[in-house]
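The values are calculated or read from the model by the stated rules, or taken from the named source; none is laboratory data. Here the structure is a predicted model, which means the values were calculated and not measured. Because the Cβ atoms are built from the backbone with ideal geometry, glycine has one as well, and the counts that use them run over all protein chains shown. Note: areas computed on protein heavy atoms with side chains; ligands, DNA, RNA excluded. Shrake-Rupley method; radii C 1.70, N 1.55, O 1.52, S 1.80 Å.
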Amino acid sequence: MHLIPAHQNRPSDDPIFALHKEATARRARGEAVVDATVGALMDEDGALSVLPTAAKAVRDVPSTVGARNAPSVGAPAFLRGVIHDLVPGAPELRGAAVAAATPGGTGALRLAIANFLEPGQSLLTSSWYWGPYQTLGEEADRKLETFDMFAHGAHGVGGLDVGALDAALARQLRSQKRALVFLNDPCQNPTGYSMTEDEWRAVVQCLLARAADGPVTLLVDCAYYLYGSHDPRAFLVHLRPLLGNVAVLFAWSASKSFTHYGLRVGALVACVADADERRRVEAALSYSCRGTWSNGNRGGMAAVTRLLADPELARACDGERAELKGLLKARVDAFNRLARPRGLDYPRYDGGFFVTVFHERPLAKAAAMREEGVFVVPQARGQGSGALRVALCSVAERDVRRLVDALCD
Ligand SMILES: Cc1ncc(COP(=O)(O)O)c(C=O)c1O
C-alpha cells in the first residue's frame, strides 16, 4: 500500500451527493420526487437560480484578464471590495482589516485552520456544524471539538448556549493554550439558526473574558449572510470590543451571495488591531495561498470586483438577490406555518437555505422518507440523538406541504 496509513480508508463518496444522485435518477424515471438535499438555491421549477447581472459580469471578463495569474494573496481591488462589502459601516474593523483571496469560503476556512491553530490542536465550533469543517481540520492535521449549540428549555429547543461555549473555550485554553472558534452566522448550515444581537453581545463578552488565558481567534463563517431576515451587518458593532483582544476573521464567499458556486471566489478577512501583527498575518496568509493553491481565479475576482465596486451593478445584484430571497422566504413561511402546529422540533428559523428537524432515529426516518420519494439528509452527530437537514433552498413552495407531511408521518 503506497498511501500513508492515515489516508488508507478515506470515504470517497459525499453522502449528500449520493442522495441527490438517487433523487435525480428517480425523478428522471418519472417519479414525483421532493429533493431537499441540495445546498443551492433552485427556482420553483427546480433549475439553479443565477443572478443575471453576476452571470453577465463573468461572461464580460476580458480573456487577457482571466488568463493571467493573480497575486498569491489576491488582486488588490478585489480584496478592497470584499473588506468594504463586509464592514462598510465599521471603520475600526475596516482600518484593522487585511485579506487574502481564496477558492470560495472553503479556502478561507482552510487558511484560518492552518494559521491560527498548531498541528494537532482542535478548532471549536457548535455541535451542529457544516461537515467539511471536520474534513478541513483533518486535511490540515487539526481536529474539531464542539460545544452544545442550543439550550433546551421547557418548550423545546431554545437559543444559543453561550454558557456551553464558555465552558468549552475555558477547557480548550487550559489544554491547548489557544483557541480558534468557528461560528457560522446568520442562517447556520445545517440548523438555519440566526443569532440575535443579544447572543452576539454575550458571545463577545465570553471571548473577551477568556482572551486573558491565551490567544483567542473568532472566525465568522458568513457564507449565507445576505440571505438572513435582518440587516446582515448589524452584528458587526458588537464585535468592535474584540479588536486588540481577540483576532476576528471572516470567511467571505461569493458562492451564495452572487449565486456562482463553481466560480470559487472567496476571501479570508482578518481584523487585527496591532499594525505589526497585522503585517505578519497578511504575510502568513499570502504564504499559505502560495503553498496551497498558488493563486486564485483571477477572472472570477475581476467579475466579483465589478459587482462589488460598480454601484449600478451592485444595485442590480441586490435587486435580483432580493427576488431570490422572496422566493426562499415564501418557502420558509410555508414551512413554519405547517410544521410548528404539528410539533416538529426545530430551532427558530426565519430565513436561509436550510433548517434542521431534530429526530431520535434520523437514519431510519430519512430512509423511510426516501421510500416515499422525499429526500432529506440524516445528521447522526450533533446534540442529543440526531436530526434531518432539510434544504428548503431546493424545494418548490408547492412541495413544502408534502415535505412536512413526510417529516411528521
Ligand atoms: C457553512 C458553510 N460555510 C462555507 C461554505 C463555503 O462555500 P464555498 O466554498 O462554496 O464558498 C459553505 C458552502 O456550502 C457552507 O455551507
*How many of the residues making up the range 331-343 are open to solvent by less than 40 Å² (accessible area, probe 1.4 Å) and either of a type in the set (D, E, K, R) or within 22 Å of the chain's Cα centre (by Cα) (or both)?*
3
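Residues checked against (1) farther than 14 Å from residue 303 by Cβ; (2) of a type in the set (D, E, K, R):
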| residue | (1), (2) |
| --- | --- |
| 10 | yes, yes |
| 18 | yes, no |
| 23 | yes, no |
| 39 | yes, no |
| 42 | yes, no |
| 52 | no, no |
| 66 | no, no |
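Out of all the residues in the range 201-225, which are within 13 Å of the ligand (Cβ to nearest atom) and in a loop (DSSP other than H, G, I, E, B)?
Restricting attention to the range 201-225, the residues satisfying the condition of being within 13 Å of the ligand (Cβ to nearest atom) are 219-225.
Correct list: 222, 223, 224.
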_In the range 226-250, the residues that are under 24 Å from residue 101 (Cα atoms), in a helix (DSSP H, G or I) and either touching a Cys at 6+ places or on another chain (Cβ under 9 Å) or open to solvent by less than 40 Å² (accessible area, probe 1.4 Å) (or both)_ = 226, 227, 236, 239, 242
*asked:* Suppose the filter is in a helix (DSSP H, G or I), within 16 Å of the ligand (Cβ to nearest atom), at pLDDT 95 or above and not hydrophobic (A, V, I, L, M, F, W, C); does residue 300 pass it?
replied: yes
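Within the range 97-132, which residues are assigned to a helix (DSSP H, G or I) and more than 23 Å from residue 281 (Cβ to Cβ)? Even if it seems obvious, please write down each step before you answer.
So the first thing to find is which residues in the range 97-132 are assigned to a helix (DSSP H, G or I), and the list is 104-116, 132.
Matches in the range 97-132: 132 only.
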*Conditions: (1) farther than 16 Å from residue 224 by Cα; (2) in a helix (DSSP H, G or I). Residue 328 meets all but one. Number of the miss?*
(1)
*How many residues, within the range 252-297, are of a type in the set (Gly, Ala, Ser), crowded, with 24+ Cβ neighbours inside 10 Å and part of a helix (DSSP H, G or I)?*
2
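Which count do you get for residues in the range 113-161 that are of a type in the set (D, E, K, R) and farther than 20 Å from residue 289 by Cα? Outline the logic, then answer.
Step one: filter the range 113-161 for residues of a type in the set (D, E, K, R), giving 118, 138-139, 141-143, 145, 148, 161.
Of the ones still in play, those that are also farther than 20 Å from residue 289 by Cα are 143, 145, 148, 161.
Total satisfying the criteria: 4.
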*Can residue 257 be described as away from the ligand (no atom under 11 Å from the Cβ) and under 15 Å from residue 353 (Cα atoms)?*
no
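Please determine, by comparing only the residues of the range 172-200 that are more than 16 Å from the ligand (Cβ to nearest atom) and part of a loop (DSSP other than H, G, I, E, B), which one is most open to solvent (accessible area, probe 1.4 Å). Break it down stepwise before answering.
Filtering the range 172-200 down to residues more than 16 Å from the ligand (Cβ to nearest atom) leaves 172-179, 196-200.
Those left that are additionally part of a loop (DSSP other than H, G, I, E, B): 177-178, 196.
Values: 177: 128, 178: 68, 196: 54 Å².
The extreme case among them is 177.
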_Out of everything in the range 133-154 that is in contact with a Gly (Cβ under 7 Å, 6 or more places away or on another chain), in a strand (DSSP E or B) and open to solvent by 50 Å² or more (accessible area, probe 1.4 Å), what residue ends up being modelled with the highest pLDDT?_
143
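Those residues that are within 16 Å of the ligand (Cβ to nearest atom) and open to solvent by 30 Å² or more (accessible area, probe 1.4 Å), I need them from the range 111-132; list them, please. Before the answer, list the steps.
Taking the range 111-132 first, the residues within 16 Å of the ligand (Cβ to nearest atom) are 111-114, 123-132.
Correct list: 114, 130, 132.
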